[in-house]
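To keep things clear, I will list the structure first and then write my remarks on it.
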Amino acid sequence: MSGRLHKILKDQTTASDLETVQTDGTTNPPNLSAAATTASAPPFYTADLCGNFISVNAAYRRLAASMVNAMPVDHQAGNDTMPEPVFPLDEVIANVIAMAAGTTRTENLETTDGLRSFSSNHFPIHNDSGLIVAVGGMYTDVSDKDTQGLAQLVAQDRFDDIARLVTDLIWETDTDFNLVYVSSRVNEVLEIHPREIMGKNMFDIGTFKPRDGERNQPLLTRETRSPFRDINFLITLADGRTRKLFLSGLPMFSDTGAFKGFRGTATEISDETAARRNASISRDRLTAAIENISEGFALFDAEDRLILFNNRFKEYLAGIARFLVPGAAFSGVLEAAVNSGFVTGPENALLEWNVLHTEATEQIAANIELHLASGRWIRISDRSTEDGGVVTIVSDVTDMKNREEALRSSKELAEQGSRSKSEFLANMSHELRTPLNAIIGFTEVMRDQALGPIGNERYQEYIHDILDSGRHLLGVINDILDVSKADAGKLELHEEKVSLKREADATIRLFCDQAEAAEVAISSNLPNDLPPFYSDQRKIRQIFLNLVSNAVKFTPAGGTVRIDGGLNKEGGVTIQIIDTGIGIKKEDIPAALSAFGQVDSSLARRFDGTGLGLPLTVALIKLHDGDLKLESTPGEGTCISIAFPANRVLSGPRA
């Protein structure tokens with residue numbers, strides 16, 4: 001700042017100096033000397049471009065002191081202590097700089113005398129070289145104007161509040177698509193100050209593109225005069241960053257029908273937003289899957305109200321189907337079952353169901369079997385969810401109960417749960433895996449273009465997506481079946497002599513491409529002289545695959561994953577999978593090791609998974625008489641140690 005300007009702004013005592021300040025606008029520049037010194041002058045200020053007051057007059061100080069919740073004034077500090085701004089100073093500075101001209105605003109200020117309305121004029125202050133170096137402004141109390149004017153001020157104030165509160169960015173352009181207004185949300189959405197894009201043309205700072213899969217969507221052009229919604233807009237910021245927005249807008253017209261520009265909203269399409277959209281798609285797919293399972297399915301919320309169920313659930317409970325509506329209380333459903341008489345036994349079965357439904361836990365399913373008036377037997381299985389709700393599975397067990405009646409065998413009665421579970425697993429395998437294998441097989445045929453070329457390259461991308469999704473879903477189903485078999489004690493070992501080093505090295509090779517894409521370094525450091533190991537080779541490979549897969553998935557770019565190990569002092573083998581990933585809190589480790597358990601954190605939820613990998617791995621390790629120990633520090637990484645007993649180490653030929 002020149003010495004002359006510093007004198008103008010800081011020592012406002014000489015009218016001749018003050019009046020040499022260059023201001024912009026069509027009207028005569030305000031007499032700064034009068035504004036600063038006249039006792040009856042309206043509130044006046046000057047401020048630098050960083051938003052700091054350079055000077056304020058006595059009227060402005062009185063206005064600031066009259067504001068509701070104003071900071072107490074330290075009268076001992078003198079006039080050098082500046083008050084708090086009574087208006088969004090940064091926004092004013094941004095507008096003045098962007099337009100390189102004066103600007104007029106209206107403010108509704110809540111003072112100790114009530115709501116007062118002010119009209120304000122703000123103007124640029126130039127130095128001798130013509131550069132804007134400061135901003136000045138003057139306020140006029142217009143509270144006593146007509147009611148319509150006050151209503152307009154209130155409406156403007158309401159709009160300003162809404163613009164600050166809504167999650168979308170609000171914008172406005174002139175007829176040439178130059179931005180004349182952006183709401184303060186631009187700070188949060190794009191992490192820039194409004195002044196950085198004010199006055200810039202939308203076609204210069206970004207590119208309009210059709211949404212994915214909508215090539216025929218009309219794009220915004222300079223000739224557009226009609227409303228538009230959710231147009232892709234890729235904006236390039238000054239630092240080179242690119243952000244994706246959805247723009248929606250309405251054209252503005254004057255009373256004579258002349259086009260004035262556009263006003264609209266912008267929604268950032270961030271990773272989080274995309275994740276929410278994907279989550280919505282996943283929910284739809286889950287709903288479709290639930291509708292197609294062979295069992296009845298229902299979900300009650302934490303207040304025990306019915307929020308989701310499939311048609312099979314209504315079919316099995318046909319006697320009270322009219323009471324099965326979203327929002328129905330479980331107590332009401334139970335009462336309807338009692339009054340309708342559609343349940344004939346066992347005695348007090350419905351009362352027992354009520355007790356079991358209330359006591360259901362995440363780990364233990366509460367089961368009850370009901371004999372219906374139609375002759376059908378159903379099994380109801382309740383299990384609580386993490387949020388306090390209850391999942392109810394209804395299975396038709398009529399055939400099983402008929403066999404029990406025919407055999408009258410206590411052994412069959414004792415094993416009915418196991419047979420029901422086996423039946424369920426068989427149904428799941430048939431209903432899900434068989435058609436899924438067909439989908440995967442036919443997709444591979446299309447991918448390889450075995451019957452001829454596919455015309456559109458985009459179809460090839462879709463085919464790869466279908467194939468990846470199908471394989472992923474098949475893996476999830478297989479994991480569920482394996483965990484179920486492990487829980488039922490039906491997993492068997494086919495033992496032979498196995499090289500742990502060879503299995504570890506093979507696992508590392510399998511994950512090389514995935515780790516390289518994730519910029520994660522992986523390695524196996526098992527010693528070459530590690531003795532052979534007596535185990536099930538396929539299950540040992542699965543242990544390595546599950547643990548290394550988790551480690552790579554939860555390790556950020558630049559991290560490492562390695563397999564260490566060797567003989568321990570007891571003569572057994574200790575294997576360690578060590579990563580520098582996101583880590584797990586100590587209190588979350590039990591959930592991570594439980595079936596379908598996942599750590600409930602925003603960071604971990606960025607990664608997909610069923611929560612079956614670790615529980616299945618633990619089961620496979622225990623099957624080999626081993627133990628798993630998990631140690632982790634959030635932000636530093638995780639170490640999983642597996643200890644196998646000495647009797648599985650082959651130092652020589654096994655008898």
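The values are calculated or read from the model by the stated rules, or taken from the named source; none is laboratory data. Here the structure is a predicted model, which means the values were calculated and not measured. Every residue, glycine among them, receives a Cβ derived from its backbone with ideal geometry; neighbour counts consider all protein chains shown.
Cβ separations smaller than 6 Å between residues 6+ apart or across chains give the following pairs from segment 307-328 residues that are without any contact (Cβ under 8 Å) to a residue 40 or more places away in the chain to residues that are polar (S, T, N, Q) and surrounded by fewer than 18 Cβ atoms within 10 Å (Cβ to Cβ): ILE320/SER340. Report yes if some residue within segment 586-597 is among the hydrophobic types (A, V, I, L, M, F, W, C), outside any loop (DSSP other than H, G, I, E, B) and at pLDDT 90 or above; otherwise report no. Checked against the condition, which is being among the hydrophobic types (A, V, I, L, M, F, W, C), outside any loop (DSSP other than H, G, I, E, B) and at pLDDT 90 or above, segment 586-597 yields no hits at all.
Condition check ((1) acidic (Asp, Glu); (2) at pLDDT 90 or above) across all residues:
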residue	(1), (2)
LYS497	no, yes
LYS501	no, yes
ASP505	yes, yes
LEU510	no, no
ASP513	yes, no
SER523	no, yes
ASN550	no, no
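Mind checking whether some residue in segment 500-523 is touching a residue at least 60 places away in the same chain (Cβ under 8 Å) and closer than 14 Å to ILE563 by Cα? Scanning segment 500-523, I find at least one residue that is touching a residue at least 60 places away in the same chain (Cβ under 8 Å) and closer than 14 Å to ILE563 by Cα, so the answer is yes. Among the residues of segment 291-313, some residue qualifies, meaning at least one is surrounded by 13 or more Cβ atoms within 10 Å (Cβ to Cβ), in contact with a Gly (Cβ under 8 Å, 6 or more places away or on another chain) and in a helix (DSSP H, G or I). Taking the criterion of being closer than 21 Å to ALA551 by Cβ and in contact with a Pro (Cβ under 7 Å, 6 or more places away or on another chain), the only residue of segment 566-580 that qualifies is GLY566.
Anything in segment 348-392 that is part of a loop (DSSP other than H, G, I, E, B), at pLDDT 80 or above and charged (D, E, K, R)? List them, or say none. Selection gives ARG376, GLU386, ASP387. Taken over segment 633-648, the criterion of being hydroxyl-bearing (Ser, Thr, Tyr) and either modelled with pLDDT under 90 or surrounded by fewer than 19 Cβ atoms within 10 Å (Cβ to Cβ) (or both) is satisfied by THR633, SER641. Of all residues in segment 629-655, those being of a type outside the set (S, T, N, Q), touching a residue at least 24 places away in the same chain (Cβ under 8 Å) and not in a helix (DSSP H, G or I) number 14. Can you say whether ALA551 is under 26 Å from GLU631 (Cβ atoms), in contact (Cβ under 8 Å) with a residue 60 or more places away in the chain and within 31 Å of the chain's Cα centre (by Cα), as far as the supplied structure shows? Against the criterion (under 26 Å from GLU631 (Cβ atoms), in contact (Cβ under 8 Å) with a residue 60 or more places away in the chain and within 31 Å of the chain's Cα centre (by Cα)), ALA551 qualifies. Quick test for you: out of ILE132, ILE93, pick the one residue that is assigned by TED's automatic domain parsing to the domain that holds PRO43 and either crowded, with 20+ Cβ neighbours inside 10 Å or not hydrophobic (A, V, I, L, M, F, W, C) (or both). The unique qualifying residue is ILE93.
Okay, residues lined up against (1) assigned by TED's automatic domain parsing to the domain that holds MET202; (2) on the phi > 0 side of the Ramachandran plot; (3) at pLDDT 85 or above:
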{"position": "PHE259", "(1), (2), (3)": "yes, no, yes"}
{"position": "LEU299", "(1), (2), (3)": "no, no, yes"}
{"position": "TYR316", "(1), (2), (3)": "no, no, yes"}
{"position": "ALA321", "(1), (2), (3)": "no, no, no"}
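Residue selection: THR224 satisfies the criterion of being modelled with pLDDT of 85 or more, under 30 Å from ARG458 (Cα atoms) and polar (S, T, N, Q). Going by the structure shown, is GLY25 outside any helix (DSSP H, G or I), among the small types (Gly, Ala, Ser) and modelled with pLDDT under 85? Spelling it out, GLY25 is indeed outside any helix (DSSP H, G or I), among the small types (Gly, Ala, Ser) and modelled with pLDDT under 85.
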